[in-house]
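Coordinate-derived values only; no laboratory data. Model, not experiment: these values are computed from the prediction. Here the Cβ is made from the backbone with ideal geometry for all residues, glycine too, and neighbour counts use every protein chain on show.
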Amino acid sequence: MQTHDSKRVEITIERAMQSRLTNALQEAGVTGYTILPVYGGSGRSGEWERSGDVTRGAGMVQVVCMIRADRLDALLDAAFAVVEKHIGVVSVVDCQVLRAERF
């Protein structure tokens, strides 16, 4: 089966910033993404867990998308404009996809 080069972008951000991030991605031409809950982790501020959150807006989410390399810069510019002033991590990984026309 033939595979095609792609980029997997994972953006972990505060749940309260989710809509702002996805709006920015859509404005940058990103047509698909998946939003996953983040249940806990550890970072510069130490360990944390989502289980103690009282409101739906608290906690973190991860927005994951696959994109062609030639569209990566626009996505990263849009994501960084949101993440820059908030808690968040952006990672980019080389990957292979089976149906390149979807990306």
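Tabulated data
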read-out: FRET efficiency estimate (nearest 0.05) - Cβ-Cβ, R99 to A16, R0 30 angstrom; value: 0.35
read-out: Per-peptide average of other Cβ atoms within 10 Å, ordering 74-85, 24-35, 7-18 highest first; value: 7-18, 74-85, 24-35
read-out: Contact order relative to length of the chain, as percent, for alpha carbon pairs under 8 angstrom and 6 or more apart; value: 52
read-out: Table column - 3J(HN,Hα) (Hz), the stretch 62-73, Karplus curve with 6.51, -1.76, 1.60, x for Gly and Pro; value: 10, 9, 10, 8, 10, 8, 5, 4, 6, 9, 5, 4
